[in-house]
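Enquirer: Just dropping this structure here.
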Amino acid sequence: MPDALRPYVAVLGARFRMLLQYRAAAFAGFSTQLFWGAIKLMILAAFLAANHHASPMSLPQIAAYVWLGQALLGVLPWNVDTELQEKMMNGAVAYELLRPVDLYAFWYARTMALRTATTFMRMIPMILFAGILMPLSGFGAWALPPPVSGEAAVYFLMSLTATVALASAITMLMHVALIWTLSGRGFNTVMTGLVIVLSGLTVPLPLFPDWLQPFLYWQPFRGLADVPYRIYSGNIGTDAALFEIVQQIVWTALIVAGGYAWLSVGKSRVVVQGG
């Protein structure tokens, strides 16, 4: 490993291991997400059954969309790192500014741990329940189906990796903004509604009206859930999957570049609180 990457890999690993300690919170989150996932799936299935026109998604595709959305809920960028927010408010951010590392890359590594550690703990029991226990219990039609093909599974993993990078880049915009706002409550409130709707977590994006589809297709939040879940279920074919992943990567690069430039401005204007 290049020496230049060691500090960032180290903070990613250390932060990831630290967040894995919150097992009780992860179990509580799993229980809540299991409940809401079941309700959401029943509502969408009822709409699908009452629809007399051709649906853009089948019931197995919707089931995959819903259960993956619940399993990977923590990846979505709707909250800031509370420890980083506290550093902004008590003046400890001064220590961050003195570190002999690239500050954006250092915070980005922390953010990737935030987006993945808690998700990892909730994802495993959710997949075991929805993908294995439900079919064994006679609820196969409502269960999480396997990927439609091996090729789709590979593209799904590629897309999911791009999703983590994109979610971390969006979260970094909120972290940089803390330099001016100090508190992340406003971001958490706004981003919750924005992300769950535009990513497709509330309603799968293909089920929105046709006149909204062009906007929904090109906005960046689609890459947080809609793209990987539909690749997994086969709703996005393997012939189109690579282009979708490239879109995720392009949005990530643009947001990282914007966040990096914004942080460069913020570092020269940050006010250290406390004293």
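The values are calculated or read from the model by the stated rules, or taken from the named source; none is laboratory data. Every value quoted in this text rests on a predicted model; they were computed, and no experiment measured them. Note that each Cβ is placed from the backbone with ideal geometry, even for glycine, and that neighbours are counted across all protein chains shown. Surface accessibility is based on the protein's heavy atoms, side chains included, excluding ligands, DNA and RNA. Shrake-Rupley method; radii C 1.70, N 1.55, O 1.52, S 1.80 Å.
Enquirer: May I ask you to list pairs of residues, at least six apart or on different chains, whose Cβ atoms are under 7 Å apart, with the first in the stretch 48-73 being at negative phi and the second being open to solvent by less than 10 Å² (accessible area, probe 1.4 Å) and not in a helix (DSSP H, G or I)?
Expert: Pairs that qualify, where the first residue is at negative phi and the partner is open to solvent by less than 10 Å² (accessible area, probe 1.4 Å) and not in a helix (DSSP H, G or I), are 57/204; 62/204; 63/143; 65/204; 69/225.
Enquirer: When the residues of the stretch 165-191 are narrowed to those that are of a type in the set (S, T, N, Q) and modelled with pLDDT of 85 or more, which ends up farthest from the chain's Cα centre (by Cα)? Working first, answer last.
Expert: Within the stretch 165-191, the subset of a type in the set (S, T, N, Q) is 168, 171, 181, 183, 188-189.
If we keep only those that are modelled with pLDDT of 85 or more too, we end up with 168, 171.
Details: 168: 8, 171: 10 Å.
Filtering first and then ranking leaves 171.
Enquirer: Which condition does residue 152 not pass, out of (1) under 22 Å from residue 79 (Cα atoms); (2) open to solvent by less than 40 Å² (accessible area, probe 1.4 Å), if it passes all the others?
Expert: With respect to (1) under 22 Å from residue 79 (Cα atoms); (2) open to solvent by less than 40 Å² (accessible area, probe 1.4 Å), residue 152 is out only on (1).
Enquirer: So, one more: Contact list please: Cβ distance under 8 Å, first residue in the stretch 230-247 and free of Cβ contacts under 8 Å to residues at least 40 places away in the same chain, second residue part of a helix (DSSP H, G or I) and open to solvent by 20 Å² or more (accessible area, probe 1.4 Å), pairs at least six apart or on different chains.
Expert: 236/230
Enquirer: Surrounded by 22 or more Cβ atoms within 10 Å (Cβ to Cβ) and touching a Pro at 6+ places or on another chain (Cβ under 9 Å): is that true of residue 159 in this structure? I'd like the intermediate steps shown before the answer.
Expert: Details: surrounded by 22 or more Cβ atoms within 10 Å (Cβ to Cβ): yes; touching a Pro at 6+ places or on another chain (Cβ under 9 Å): yes.
Yes: the conditions hold for residue 159.
Enquirer: Among the candidates 100, 147, which residue alone is farther than 26 Å from residue 235 by Cα, in a loop (DSSP other than H, G, I, E, B) and touching a helix residue (DSSP H, G or I) at 6+ places or on another chain (Cβ under 9 Å)?
Expert: Details: 147 fails: farther than 26 Å from residue 235 by Cα.
Every option except 100 fails the conditions.
Enquirer: Can you name every residue in the stretch 204-231 that is hydrophobic (A, V, I, L, M, F, W, C), under 12 Å from the mean Cα position of the chain (by Cα) and in a helix (DSSP H, G or I)? Full working, then the answer.
Expert: Step one: filter the stretch 204-231 for residues hydrophobic (A, V, I, L, M, F, W, C), giving 205, 207-208, 211-212, 215-216, 218, 221, 224-225, 227, 231.
Retained after the next criterion (residues that are under 12 Å from the mean Cα position of the chain (by Cα)): 221, 224-225, 227.
Within the stretch 204-231, 221, 224, 227 qualify.
Enquirer: Here is a further query. So, in the stretch 252-266, exactly how many residues are over 16 Å from residue 97 (Cα atoms) and among the aliphatic types (A, V, I, L, M)?
Expert: 5
Enquirer: Among the residues of the stretch 47-66, is there at least one that is touching a Gly at 6+ places or on another chain (Cβ under 6 Å), assigned to a helix (DSSP H, G or I) and either within 30 Å of residue 128 (Cβ to Cβ) or at pLDDT below 85 (or both)? Steps first, answer last, please.
Expert: Residues of the stretch 47-66 touching a Gly at 6+ places or on another chain (Cβ under 6 Å): 66.
Adding the requirement that they be assigned to a helix (DSSP H, G or I) leaves 66.
Narrowing the set further to residues that are either within 30 Å of residue 128 (Cβ to Cβ) or at pLDDT below 85 (or both) leaves 66.
Within the stretch 47-66, one or more residues are touching a Gly at 6+ places or on another chain (Cβ under 6 Å), assigned to a helix (DSSP H, G or I) and either within 30 Å of residue 128 (Cβ to Cβ) or at pLDDT below 85 (or both).
Enquirer: Identify, from the list 28, 49, the residue that is loosely packed, with under 15 Cβ neighbours inside 10 Å and more than 26 Å from residue 226 (Cβ to Cβ). Give the steps one after another, and end with the answer.
Expert: On the way: 49 fails: more than 26 Å from residue 226 (Cβ to Cβ).
Just a single option satisfies the conditions, and that option is 28.
Enquirer: Has the stretch 118-136 got any residue that is within 23 Å of residue 228 (Cβ to Cβ), hydroxyl-bearing (Ser, Thr, Tyr) and surrounded by 17 or more Cβ atoms within 10 Å (Cβ to Cβ)?
Expert: Yes.
Enquirer: Within the stretch 195-235, track down each residue that is loosely packed, with under 15 Cβ neighbours inside 10 Å and of a type in the set (A, V, I, L, M, F, W, C).
Expert: 211, 212, 215, 218
Quick grid of which residues meet (1) open to solvent by 10 Å² or more (accessible area, probe 1.4 Å); (2) in contact with a helix residue (DSSP H, G or I) (Cβ under 9 Å, 6 or more places away or on another chain); (3) more than 27 Å from residue 223 (Cβ to Cβ):
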{"residue": "3", "(1), (2), (3)": "yes, no, yes"}
{"residue": "6", "(1), (2), (3)": "yes, no, yes"}
{"residue": "20", "(1), (2), (3)": "yes, yes, no"}
{"residue": "38", "(1), (2), (3)": "yes, yes, no"}
{"residue": "43", "(1), (2), (3)": "yes, no, no"}
{"residue": "55", "(1), (2), (3)": "yes, yes, no"}
{"residue": "60", "(1), (2), (3)": "yes, yes, no"}
{"residue": "76", "(1), (2), (3)": "no, yes, no"}
{"residue": "83", "(1), (2), (3)": "yes, yes, no"}
